[in-house]
Structure formats: structure tokens, C-alpha cells
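Engineer: Below are the C-alpha cells for one structure; questions will follow.
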Amino acid sequence: MQQIKSFGVLQSAKVMSLVYAILGILVAVGFVLTRAMHRGIHHPRVLALLIFVPILYAILGFVLTVVVCGIYNWAARRMGGIEIELAP
């Protein structure tokens, strides 16, 4: 078994920011589809969702990943990291 001693905070946050942006796109498309049924696809709020939801998800994903990685790195220094078994 090997331990994950720490995460690179900024690199992890950049990667997770992209992951959350992609999830934000999926969520925004879901919002657009449901809102379009009620107000039409050309309503300004519907189109704004396609822009702002992925951006909001990416920003929040970045910030939260920085916080979580910082907490993990702090805890891993005191208690040891998560143990994983790597394939040979």
C-alpha cells in the first residue's frame, strides 16, 4: 500500500475547475431545455444560463477544491494519507 501524502493544490484546482465547468454545461443545458418549454429558447434569461452556470460551476469548483485540498494536506501531515494499492 502507498499513501497519498498531499495534493498539488493549484493543479488539482485547475483540473477540477474544468470538470465542474463541463458539469455546469450539462446542468445549463438541462435548465435551458426546461425553461425553453415555458418561455421559449430566445428568452434572455434562458441564454444567460448557458453562459453563467458553467462559469459559476468552474469558479466554485476551483475555490472548493483549493479548500478541500488544503484541508486534506493538513490532515494527511498529522494522520497519514489515504492508502491506495497501485497495480504493478
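The values are calculated or read from the model by the stated rules, or taken from the named source; none is laboratory data. Since we're looking at a predicted model, the values are computed, not measured. Here Cβ is always computed from backbone atoms with ideal geometry, including for glycine, and neighbour counts include all displayed protein chains.
Engineer: Considering only residues that are hydrophobic (A, V, I, L, M, F, W, C) and touching a residue at least 12 places away in the same chain (Cβ under 8 Å), look in segment 65-88 and name the one that is nearest to Leu23 (Cα to Cα).
Structural biologist: Among those that are hydrophobic (A, V, I, L, M, F, W, C) and touching a residue at least 12 places away in the same chain (Cβ under 8 Å), it is Val66.
Engineer: Let me ask something additional. Got a sec? Which of Ala48, Ala13 is surrounded by 15 or more Cβ atoms within 10 Å (Cβ to Cβ) and not basic (Lys, Arg)?
Structural biologist: Answer to the selection: Ala13.
Engineer: Please go through segment 35-88 and give me each residue that is of a type in the set (Val, Ile, Thr), at pLDDT 80 or above and out of contact with any helix residue (DSSP H, G or I) (no Cβ under 6 Å at 6 or more places or on another chain), ordered by number.
Structural biologist: Of everything in segment 35-88, those that are of a type in the set (Val, Ile, Thr), at pLDDT 80 or above and out of contact with any helix residue (DSSP H, G or I) (no Cβ under 6 Å at 6 or more places or on another chain) turn out to be Ile51, Ile55, Ile59, Val63, Val67, Val68, Ile71, Ile82, Ile84.
Engineer: Restricted to segment 64-88, and to residues that are surrounded by 14 or more Cβ atoms within 10 Å (Cβ to Cβ) and among the aliphatic types (A, V, I, L, M), which residue is farthest from Ser6 (Cα to Cα)?
Structural biologist: Applying the filter and picking the extreme gives Leu64.
Engineer: Is it the case that segment 6-22 has a residue that's in contact with a Pro (Cβ under 9 Å, 6 or more places away or on another chain), in a helix (DSSP H, G or I) and among the hydrophobic types (A, V, I, L, M, F, W, C)?
Structural biologist: Within segment 6-22 (the criterion being in contact with a Pro (Cβ under 9 Å, 6 or more places away or on another chain), in a helix (DSSP H, G or I) and among the hydrophobic types (A, V, I, L, M, F, W, C)), the answer is yes, since at least one residue qualifies.
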